[in-house]
Amino acid sequence: MRGTTITGTGMYVPERVLSNRDLEKLVDTTDEWIVDRTGIRERRIAAADQASSDLALIACQRALEMAGVDAKDVDQVILATTTPDRILPSCGCTLQRKLGATRAAAYDMLAACTGFVFGTGMARGLISGRMADTVLVVGVETLSRIVDYTDRNTCVLFGDGAGAALFQACEFGEGVHAVEMHSDGELGEVLEVPSGISVNPASEQTVARREHFIRMQGKKLFPFAVRSMEDATRKCCDAAGWPPEAVDLFIPHQANRRIIDGVRERLGLPENKVYVNIDRYGNTSSASIPIALDEVVRAGRLKRGDHLAIAAFGGGATWGASTMTWTMPLFTGGAPSASATDGARA
Ligand code: ACO
């Protein structure tokens, strides 16, 4: 028997900042409304020549550098996204080529904002089942490509970015203790892109009706998000044998500050145990948890033995959580090297 743990993290966000004030010029909204209702102040937007695989590449290079692992030693690349470069080839395969992960099986996972949590479950299953030793999970989004910047209900919420974590084997009983993975297709219409591939293939009509953009029933998602993240986190804490208050750091999916506060209150956690960066990046869907994780690791907020919980919900609907005992020593390595920032804009 062996455990599964994270041995390296990395993140990348594009250089361009879109502030609430910028959005005031595009739609009928205000900085005050956005901050009050969501906690978001700004988000990052990928440049026209930056694809999801480009963002993912830098995040993955940084995670591999932290772990001291060569791309050629990666067995599987699981790329979680709602915004792949294109349908064919998969974004995972494009990333594999750019990364030089020549031995790896690479593929995409569509689980919306829960993608990184599902990736954690996959990595754990693959490693504990001895189908792989080294699994790279990356959450990446260029949501700005499918956001309708004439729809104030959605365009204020989303941002672009990538976050990655390298999973490897560890002592049994350390690392990942539990992963909860859930879906309810009955809730599919609450958050959707109405047209696409086999349903309503792209046509002049679907483009004219703006059906290739995100549509969301935010009010319906809100209570579901709070309940589902609380429930999945409690189950993972139970499986780890911890009461929720034994969690040292909780990283929830960053969709709305009020949703995060709701989950935190229900779990009885103080504010200083819950990481929030939604003010700087908005909702980056599958990238939000690994971006936050890399920030806390590089800031030295996680040390060996700490109890970490993550939780997410998203379109599909999907939701889940994971608990893990952190196995890496306190990170003191500073910023990623130039070789791990290939392609990053200065
Ligand atoms: N600026 C100003 N007013 C706005 C804006 C805006 N950007 N957006 C909506 N409004 C208006 C609405 O039109 C509504 O006006 P009305 O009362 O005249 O109809 C009013 O503000 C209130 O709207 P509500 O929907 O009641 O606002 P609410 O407090 O619910 O906040 C929000 C809306 C932020 C979308 C919230 O419901 C939410 O965060 N829901 C969850 C969404 C979410 O998490 N989505 C991501 C899912 S994860 C994934 O897989 C991508």
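The values are calculated or read from the model by the stated rules, or taken from the named source; none is laboratory data. In this text the structure is predicted, and so the values were computed from the model without any measurement. Cβ atoms come from the backbone with ideal geometry, glycine included; neighbour counts cover every protein chain shown.
When only residues in region 216-240 that are out of contact with any strand residue (DSSP E or B) (no Cβ under 6 Å at 6 or more places or on another chain) and either charged (D, E, K, R) or free of Cβ contacts under 8 Å to residues at least 12 places away in the same chain (or both) count, which is farthest from the ligand (Cβ to nearest atom)?
Once the filter is applied, the top-ranked residue is 238.
Being within 16 Å of the ligand (Cβ to nearest atom), surrounded by 17 or more Cβ atoms within 10 Å (Cβ to Cβ) and part of a loop (DSSP other than H, G, I, E, B) is the filter here, so list the residues in region 30-61 that pass it.
Matches in region 30-61: 39, 40, 41.
For residues that are in a loop (DSSP other than H, G, I, E, B) and among the aliphatic types (A, V, I, L, M), scanning just region 237-258, find the one that is farthest from residue 320 (Cα to Cα). I'd like the intermediate steps shown before the answer.
Taking region 237-258 as the starting set, the residues that turn out to be in a loop (DSSP other than H, G, I, E, B) are 241-243, 247-248, 253-256.
With the extra rule that they be among the aliphatic types (A, V, I, L, M), the set shrinks to 247, 255.
Numbers: 247: 17, 255: 14 Å.
If we take residues in region 237-258 being in a loop (DSSP other than H, G, I, E, B) and among the aliphatic types (A, V, I, L, M), then 247 is farthest from residue 320 (Cα to Cα).
Enumerate the helices (runs of 4 or more DSSP H) found wholly within region 87-158, keeping only those where 3 or more residues are farther than 14 Å from residue 286 by Cα, assigned by TED's automatic domain parsing to the domain that holds residue 73 and away from the ligand (no atom under 16 Å from the Cβ). First the steps, then the outcome.
Details: elements: 91-99, 115-128, 152-155.
By residue number, 91-99, 115-128.
Residues to consider are 180, 186; find the one that is away from the ligand (no atom under 16 Å from the Cβ) and among the acidic types (Asp, Glu).
On the way: 186 fails: away from the ligand (no atom under 16 Å from the Cβ).
After ruling out the rest, the residue left standing is 180.
Would you pick out the residues in region 267-306 that are within 16 Å of the ligand (Cβ to nearest atom) and in a helix (DSSP H, G or I)? Steps first, answer last, please.
Applying the first criterion (within 16 Å of the ligand (Cβ to nearest atom)) to region 267-306 yields 276-279, 281-292.
Of everything in region 267-306, those that are within 16 Å of the ligand (Cβ to nearest atom) and in a helix (DSSP H, G or I) turn out to be 278, 279, 281, 285, 286, 287, 288, 289, 290, 291, 292.
Which ones in region 309-323 are farther than 14 Å from residue 80 by Cβ and either among the small types (Gly, Ala, Ser) or out of contact with any helix residue (DSSP H, G or I) (no Cβ under 8 Å at 6 or more places or on another chain) (or both)?
The answer is 309, 311, 317, 321.
Being within 16 Å of the ligand (Cβ to nearest atom), of a type outside the set (Gly, Ala, Ser) and either surrounded by fewer than 17 Cβ atoms within 10 Å (Cβ to Cβ) or over 16 Å from residue 178 (Cα atoms) (or both) is the filter here, so list the residues in region 241-264 that pass it.
Start the filter on region 241-264 by keeping residues that are within 16 Å of the ligand (Cβ to nearest atom), which leaves 251-264.
Restricting the remaining residues to those that are of a type outside the set (Gly, Ala, Ser) gives 251-254, 256-261, 263-264.
Selection gives 253, 254, 256, 257, 258, 259, 260, 261, 263, 264.
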